[in-house]
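Shown next, in structure tokens, is the structure this report addresses.
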Amino acid sequence: MGVKLIWAFLCILVALSCGCNLLRPSGAETWNFHMGDHVQMGPLVINVFETKWLPQLGEGDKARVPKDRFLLLKMNVVNGGVSESTVPLLSIVGDDKQVYSELTNGDQVPEWLGILRHIKSNESQQGHVVFDAPPGHYKLKIEDENLQKIAFVDIPLRFTDGAELAPAKP
């Protein structure tokens with residue numbers, strides 16, 4: 001019985017140590033930014049400049065209702081490189097370390113950037129990425145393609161129109 005207890009304890013320690021590295025791979029350089037800052041990730045420069053929390057996307061019978069709330073981040077991405085680059089998939093990390101991946105369905109998202117985002121040399125794209133998460137303070141996690149650099153962009157909880165957050169419609 002003692003051996004099983006030791007193995008269980010060791011398994012828990014390994015799981016906990018792996019969990020700590022989920023947000024930051026070992027050896028990765030980590031940088032922190034604020035909304036509006038220009039985030040340089042290789043040839044790409046990413047600028048997140050607007051947030052919207054929505055209880056649904058669209059209207060009527062075709063409305064999309066989230067599990068929690070839709071968070072739309074409006075951003076501009078510029079490729080200053082000499083060849084085409086791909087914008088990585090994004091995630092947000094809450095203060096409680098809960099991670100929410102970018103949604104792959106852009107149905108009814110205005111100016112959706114898409115999932116496969118290829119930007120030609122010296123061109124830019126502007127639009128929204130979308131997440132389904134409870135309202136709160138988050139950091140947008142951007143990783144370079146080699147997982148050598150991670151940028152976190154602080155996304156404060158703001159309601160720009162001054163309205164209270166309405167409950168999601170069933």
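Readers should treat all values here as calculations from the given coordinates under stated rules, not as data from a laboratory. Note that the structure is a prediction, hence the values are computed from the model and not measured. Every residue, glycine as well, gets a Cβ built from its backbone with ideal geometry; the counts of neighbours run over all protein chains shown.
Taking a cut-off of 20 Å between Cα atoms, list the aspartates and glutamates near residue 52, but don't count ones fewer than 8 places away on the same chain. Output for residue 52: 37, 68, 95, 102, 107, 111, 132, 154, 161, 164.
Each label point was placed 7 Å from the Cα along the Cα-to-Cβ direction; for residue 111 and residue 40 their separation is 2.6 nm.
Using the average count of surrounding beta-carbon atoms within 10 Å as a protection proxy, the listed peptides 56-69, 127-140 rank, highest first, as 127-140, 56-69.
Proximity of backbone amide H atoms, modeled 1.01 Å from N, is registered between residue 50 and 74 at under 5 Å, excluding neighbours fewer than 5 places apart on the same chain.
Remark: 124, 91 ranked as 124, 91, counting other beta-carbon atoms within 10 Å and listing the fewest first.
A simple rule links phi to the HN-Hα coupling: the Karplus curve 6.51 cos²θ - 1.76 cosθ + 1.60 with θ = phi - 60°, which for segment 42-52 gives x, x, 8, 10, 10, 10, 8, 10, 7, 10, 9 Hz, with x for Gly and Pro.
Under 5 Å from the amide H of residue 117 lie the amide H atoms of 87, each residue being 5 or more positions distant or on a separate chain, with H modelled from the backbone and absent for Pro and chain starts. What the Cα convex hull of segment 54-98 gives, in volume per residue, is 138 Å³. Couplings 3J(HN,Hα) of segment 61-73, computed from phi: 5, 9, 5, 9, 10, x, 5, 10, 9, 7, 10, 9, 10 Hz, in residue order, whole Hz [Karplus 6.51 cos²θ - 1.76 cosθ + 1.60, θ = phi - 60°; x for Gly and Pro]. Take the Cβ atoms of residue 124 and residue 64, set R0 to 25 Å, and the FRET efficiency comes out at 0.35. For segment 125-135, 3J(HN,Hα) computed residue by residue from phi via the Karplus equation (6.51, -1.76, 1.60; θ = phi - 60°) reads 9, 10, x, 9, 10, 9, 10, 10, 7, x, x Hz, glycine and proline entered as x.
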